[in-house]
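The values are calculated or read from the model by the stated rules, or taken from the named source; none is laboratory data. It should be emphasised that the depicted structure is a prediction, and the values quoted were computed from it without experimental measurement. Positions of Cβ are backbone-derived with ideal geometry, glycine not excepted, and every protein chain shown enters the neighbour counts. Surface accessibility is based on the protein's heavy atoms, side chains included, excluding ligands, DNA and RNA. Shrake-Rupley method; radii C 1.70, N 1.55, O 1.52, S 1.80 Å.
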Amino acid sequence: DQQVKQNSPSLSVQEGRISILNCDYTNSMFDYFLWYKKYPAEGPTFLISISSIKDKNEDGRFTVFLNKSAKHLSLHIVPSQPGDSAVYFCAASAHRFGNEKLTFGTGTRLTIIP
Amino acid sequence: NAGVTQTPKFRILKIGQSMTLQCTQDMNHNYMYWYRQDPGMGLKLIYYSVGAGITDKGEVPNGYNVSRSTTEDFPLRLELAAPSQTSVYFCASTASGNTIYFGEGSWLTVV
């Protein structure tokens, strides 16, 4: 049972345009959501997070939107740069219940075309 | 800043052999985790620990064991290696309520 789903295995975007990565979840206990970026042969690195008390969080070129009623979140990257080419994982946890375990999606490979 | 350090980075094991993946963190984090990532899949939690002396199973614990004798170290033991354990293993840590930090990964092949 995949509780966190990233339905697009890959995405190609022109440099300078907006990249939108999507993530859906099924567990209503999840209240904290994160995006991780992963380059080949490296560990995942934290990108941005959002708590369920918010519907938007912004950090430079990266913005995460959360739609709790739809159990959907998205990551927007504007403008996209070649260095953004990586695999992006969505993750979720039931934070307020003291559960620090992360459940990950299967990832979306983003390719930025120069 | 060392962060989360895993060793070895690469290892080839024969079926039935045993080995230990080492993980250490220098951030004084209470929480530590072991994840595995199979090709085209997300990260699956194997075991985790909320502090020294406390460990618990994650989603895919079969074939593995862990211990947490100190805050810094969280080794993962593979007993009787099987081809299904061929994967990339990531150790991670966090202080409660904060971002989880990952090591660089250990590539394990069982032949």
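Some observations on this one:
- Using the Cβ-Cβ distance between B:Thr109 and A:Glu42 with R0 set to 25 Å, the FRET efficiency from 1/(1 + (r/R0)^6) comes to roughly 0.85.
- Taking only Cα atoms of the stretch B:4-98, radius of gyration then Dmax in Å: 12.8, 40
- Test item: B:39-45 mean partner chain Cβ contacts at 10 Å: 6
- Shape metrics for the stretch B:32-74, restricted to C-alpha atoms - Rg then Dmax, Å: 10.9, 34
- Chains A and B, summed buried accessible surface - 1.4 Å probe, Å², nearest 100: 1600 Å²
- Rotationally averaged projected area of the protein assembly as shown (alpha carbon convex hull; nm²): 12.2 nm²
- Net length available on complete extension from A:Gln2 to A:Lys68 is 22.0 nm, with 0.36 nm assigned per residue and the Cα-Cα distance removed.
- Expressed as a whole percent, the accessible surface of the protein assembly as shown that belongs to carbon and sulfur atoms is 50, based on a 1.4 Å probe.
- Using a probe of 1.4 angstrom and keeping all protein chains present, the accessible surface of chain B works out to 47 square angstrom per residue.
- At most 16 other Cβ within 10 Å, DSSP loop - trypsin sites (Lys or Arg not before Pro), the stretch B:1-62: B:Lys9, B:Lys14
- Accessible surface area normalised per residue over the stretch A:4-113 is 46 Å², counting heavy atoms of protein chains with a 1.4 Å rolling probe.
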